[in-house]
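**Q** What follows is a single structure, and I will ask about it in a moment.
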Amino acid sequence: QGHEQVVSTGELPPPGRVRELLIEAHSRYGSVSDGNVADYIPALAAASPDLFGLAVAGVRGRTYVVGDHAVEFSIQSVSKPFVFALVCDVLGADEARKRIGVNNTGLPFNSVMAIELNDGSAMNPLVNAGAIATTSLVPGDTADEKWQFVLNGLSKFAGRPLSMAADVYASEAANNKRNQGIARLLESYGRLYFDPLEATDVYTKQCSIDVTVTDLAVMGATLADGGVNPVTGERVVRADTCKRVLAVLATAGLYERSGEWMYDIGLPGKSGVSGGIITIAPGKGGVATYSPPLDEAGNSVRGQLASKFLSDLLGLNLF
Ligand code: DON
């Protein structure tokens, strides 16, 4: 591995050590140049491959940052666990499992075949099918009410009012046939719970919400903290909801790479195509990375390396 392993102690290391490790992770992996910036959405293709930011937020409310920590980027798939948390909190864990599913597909995030191979199930809230089904279950009678609920809920997770990147939304909304097709397919199986085009549109807006890597760390820390945002002190979801969300993240957060992620990092995590990754250390905090170049599965290359380094050296691995 090239670095030592530290065993979990139940706490983050002292602040000075966390800062030191963030700086070390940033300098170790900053020069890695593998991977390609996502180009299937034109607005994402414009991101600089050099951007690299890291953040840690502890459950006691401290945050630590290094590199491009204030750069805003669209949250993309990292929104999925948080919208699932909001929906699961309202529906209850059993109903959420019944309507969406909680198993890994073993297939890429936008797979249509995964639905067909599983009797029309969306499978889990972290692949596109399950995420659109989840969004269709958000409280609200109209698409706009659902959107406001999502935006407000994610803002509580981040502890500040978030907003949508209009250019990313417009760009993705104009290239959305596959997600619309997935929504229609789910509808044909009775597994979508709102109008398919409107549900897809709210999902697309949700993916276009702008965040910084610091926001992601705080959002992750809220899940680590049993649903209370450790910076604002506000309860966002119930503690039992967090356990379910973290279980699904552990199972499917890195899609078909979830097993390898767990094997290497030993913590629930979630990636997004704009280059963000969150890792949650239950009871300790959230780690977030931002670096746009991705591997073939759509996961940030530097982000995976830095997450592994930080999981090991901060002593976060659950096992
Ligand atoms: O649905 C999509 O294609 C995007 N808005 C989000 C996909 C994403 O981030 C997948 N993650 N790696």
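Please treat every number below as a calculation from the coordinates, not as lab data. Note that this is a predicted model, so its numbers are computed, not measured. All Cβ positions, even for glycine, are placed from backbone atoms using ideal geometry, and neighbour counts span all protein chains on display.
**Q** Can you put ARG97, ARG302, ARG191 in order, fewest other beta carbons within 10 Å first?
**A** Numbers: ARG97 17, ARG302 29, ARG191 21.
Ascending number of Cβ neighbours within 10 Å: ARG97, ARG191, ARG302.
**Q** For LYS243, go through the lysines and keep the ones whose alpha-carbon is under 25 Å away, minus same-chain ones fewer than eight residues off.
**A** The qualifying lysines are LYS80, LYS98, LYS146, LYS156, LYS270, LYS284, LYS308.
**Q** Now for a separate question. For the range 207-291, take N as its residue count and report Rg(C-alpha) divided by 2.2 N^0.38 Å.
**A** 1.03
**Q** Calculate for the chain the 222 nm mean residue ellipticity that helices alone would give, adding -39,500 (n - 2.57) per DSSP H run of length 4 or more and normalising by residue count, nearest 500 deg cm²/dmol. Display every interim value, and only then the final one.
**A** On the way: 14 runs with 146 residues, N = 319.
When only DSSP H runs of four or more count, the value is -13500 deg cm²/dmol.
**Q** Just need the relative contact order of the range 77-207 here, percent rounded to a whole number, with Cα pairs under 8 Å and 6+ apart.
**A** Relative contact order, the range 77-207: 30 percent.
**Q** Students often check this: by mean Cβ neighbours within 10 Å, which of 87-93, 26-32 ranks highest, and how do the rest follow? Walk me through the numbers on the way to the answer.
**A** Values: 87-93: 19.7, 26-32: 15.1.
Going by the mean number of other Cβ atoms within 10 Å, highest first, we get 87-93, 26-32.
**Q** Something else about it: Give the Kirkwood hydrodynamic radius (Å, one decimal) of the range 77-207, defined as one over the mean of 1/r across all pairs of different Cα atoms.
**A** Hydrodynamic radius (Kirkwood, Cα only) of the range 77-207 equals 14.5 Å.
**Q** Expected output is a single nm value to one decimal: the length gained when fully extending between ARG17 and GLU4, i.e. 0.36 nm times separation in residues minus the C-alpha distance. What is it?
**A** In short, 3.2 nm is gained.
**Q** Starting with the fewest neighbours, write out GLU4, GLU116 ranked by other beta-carbon atoms found within 10 Å of each beta-carbon.
**A** Ranked by crowding around the Cβ, least crowded first: GLU4, GLU116.
**Q** So how do LEU318, LEU151 line up by other beta-carbon neighbours within 10 Å, fewest first?
**A** LEU318, LEU151
**Q** Using the Karplus curve 6.51 cos²θ - 1.76 cosθ + 1.60 with θ = phi - 60°, work out ³J(HN,Hα) for each residue of the range 57-73 in order, rounded to whole Hz, and write x for Gly and Pro.
**A** For the range 57-73, the Karplus curve yields 10, x, 5, 8, x, 7, 10, 9, 9, 8, x, 7, 7, 9, 6, 8, 9 Hz.
**Q** Calculate the spin-label point distance for ASN152 paired with GLU234, positioning each point 7 Å from the Cα along the beta-carbon direction, and give it in nanometres.
**A** It works out to 1.0 nm between the two label points.
**Q** Going by alpha carbons, how many degrees (0 to 90, nearest 10) lie between the helix axis of 80-91 and the longest principal axis of the chain?
**A** 60 degrees
**Q** Out of every Cα-Cα pair in the chain, what percent are more than 24 Å apart?
**A** Cα-Cα pairs of the chain separated by over 24 Å account for 47 percent.
**Q** Turning to a different aspect of this structure: If I model a spin label at ARG178 and ASP50 as a point 7 Å from the Cα along the Cα→Cβ vector, what separation in nanometres do I get?
**A** Placing both labels 7 Å along Cα→Cβ, they lie 3.0 nm apart.
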